[in-house]
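Structure record follows, encoded as structure tokens.
No value in this document is a laboratory result; all are computed from the given coordinates. Everything quoted here is computed from the prediction, not taken from an experiment. Positions of Cβ are generated from backbone atoms using ideal geometry, with glycine treated the same way; all protein chains shown enter the neighbour counts.
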Amino acid sequence: MMFLIHLERGITRFSNFLGVICTLMFIALLFNVFYDVLMRYAFNNVSIAMQELEWHLYSAIFLLGIPYGIQHGGHVRVDLIYENLSIRGKAWTDLFGCIVFLIPFTLLVGYYGVGFAYESYALGETSGDPGGLAHRWIIKGVIPLAFFCMTISGIGMILRCINALRGVSEEGFSHPPIQH
């Protein structure tokens, strides 16, 4: 029985690690944008590669940040109804949503995303703009990676629900009171 709690905590650590990676990529994005703006307006020098790197970083931050959001309750649901449910009601709602919606969707997109990234790699796809980034498959490879990470976070959420329903842990379901 303790195995499920340890597995849930391990998945939470994995999701938190992705949050740290996103934080570091966000800092890199800030420096990239600062450099790009400085070069453009101070030196009248534009780099297509740096501009493309901005959206590559932004995309990776968004995609790899979703598993962190899933694990910490930042995902979409009707909070007006959800917040008034008991812990068991929240657990059943999250369990249903994960099993019926989250896991099948993330596995489907992850599965087809692998072929999407591989095709880009096999074709040697690069930027369509002169001076742009090579190896477009890298950013396309983040898509299936992120969706498989979302699956892992979804499994962590399922384990949290099971542990709550068993009465072992209420972690992640109770929120601190709102400060006025």
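Between the alpha-carbon centres of region 4-21 and region 118-140 there is a gap of 32 Å. Axis of helix 103-123 versus longest Cα principal axis of the chain: the two differ by about 20°, to the nearest ten degrees.
Compactness of region 2-165 is given as radius of gyration and Dmax, 19.3, 61 Å, from Cα positions. For region 70-125, the direction-averaged projected area of the alpha-carbon convex hull comes to 5.0 nm².
Here the calculated FRET efficiency for LEU4 and VAL114, from their Cβ-Cβ distance with R0 = 35 Å, stands at 0.75, rounded to the nearest 0.05. Of the chain, which part is the longest with no trypsin sites (Lys or Arg not before Pro) in a loop (DSSP not H, G, I, E, B) and with at most 15 other C-beta atoms within 10 angstrom? My reading of the result: 78-165 is the longest stretch. Taking Cα centre as origin and charging only the Cβ of basic (Lys, Arg, +1) and acidic (Asp, Glu, -1) residues, the dipole magnitude of the chain rounds to 440 debye.
Remark: region 36-50, residue by residue, has Karplus-estimated 3J(HN,Hα) of 4, 5, 4, 5, 5, 8, 8, 10, 6, 10, 10, 10, 4, 4, 5 Hz, where x stands for each Gly or Pro and the curve is 6.51 cos²θ - 1.76 cosθ + 1.60 at θ = phi - 60°.
The stretch between HIS135 and TRP55, if pulled fully straight at 0.36 nm per residue, gains 27.4 nm over its current Cα-Cα span.
Of LEU159, LEU64, ALA134, which is farthest along the charge dipole of the chain in the positive direction, counting Lys and Arg as +1 and Asp and Glu as -1 at C-beta? Among LEU159, LEU64, ALA134, the one farthest towards the positive end of the dipole of the chain is LEU159.
Label-to-label distance, ASN16 versus TYR35, with points set 7 angstrom from Cα along the beta-carbon direction: 3.1 nm. Stretching the chain fully between ILE87 and TYR121 yields a gain of 7.6 nm (0.36 nm per residue, less the alpha carbon separation).
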